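Reviewing the structure listed below.
Please treat every number below as a calculation from the coordinates, not as lab data. Everything quoted here is computed from the prediction, not taken from an experiment. As a convention, Cβ positions derive from the backbone with ideal geometry for all residues, glycine included, and neighbour counts pool all protein chains shown.
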């Protein structure tokens, strides 16, 4: 896997720098698997004294709070969760900036069965050396895209992505096969082609996890303490 390197976005007054890697790609393309491989490569996956060297943040936890009418649409698979407006961009930006500047952050937890954030439930993330921020549209907004030190785009065959999504949504998110397919054809596939795929030109990447990761290891070595 080739990588693109950008200038770090770090407050000059900060005592600690964090290397932020953006990982984008279509639904069920293997983004999480790639992040786990990077986690293994960099040799840190467990908290040590409340902090980690490497951590993963998912864009899925930054869906906006929905109105009652929107929740009703979501339960009918008629709400577009794959549109850029479905995400809380302001909170994502603040989270990435705070992370880059070595601050402890609180990440909301999203419940895909109720289509809402879990009330008063957060993951507290202490300062890390490297943070992987993954999601379908993490590169869509320039103000977010420019915050990453490195950008990776994970590509995968469309049929493979669909089959993975069907298995995930029916087993983990209590969706019917009909609703998953309806949502995919109505929202997911068109949104991928309009909003996600064009952003691949602003990153580098490959198909799945079987790609050389030497460049990532080299780029992040000086950030691992």
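Want the number for residue 166 to residue 126: 0.36 nm per residue separation, take away the alpha-carbon distance, what's left? If you can, show how the numbers build up before the last one.
Working: separation 40, 0.36 × 40 = 14.40 nm, distance 3.42 nm.
Between residue 166 and residue 126, full extension yields an extra 11.0 nm.
Taking square-rooted eigenvalues a ≥ b ≥ c of the alpha carbon gyration tensor, is the stretch 4-208 rounded, prolate or oblate, where a/c under 1.5 means rounded and, failing that, a/b exceeding b/c means prolate?
The shape class here is prolate.
Stretch residue 174-residue 94 to full length: gain in nm at 0.36 nm per residue minus the Cα-Cα span?
Details: separation 80, 0.36 × 80 = 28.80 nm, distance 3.18 nm.
My answer for the length gained is 25.6 nm.
Between residue 146 and residue 194, how high is the FRET efficiency from 1/(1 + (r/R0)^6) when r is the Cβ-Cβ distance and R₀ = 30 Å? Nearest 0.05. Could the numbers behind the result be given before it?
Numbers: r = 21 Å, r/R0 = 0.70.
The pair residue 146/residue 194 has a calculated efficiency of 0.90.
May I ask you to sort 201, 31 by Cβ crowding, counting other Cβ atoms within 10 Å and putting the fewest first?
Numbers: 201 9, 31 27.
Sorted ascending by nearby Cβ count, the order is 201, 31.
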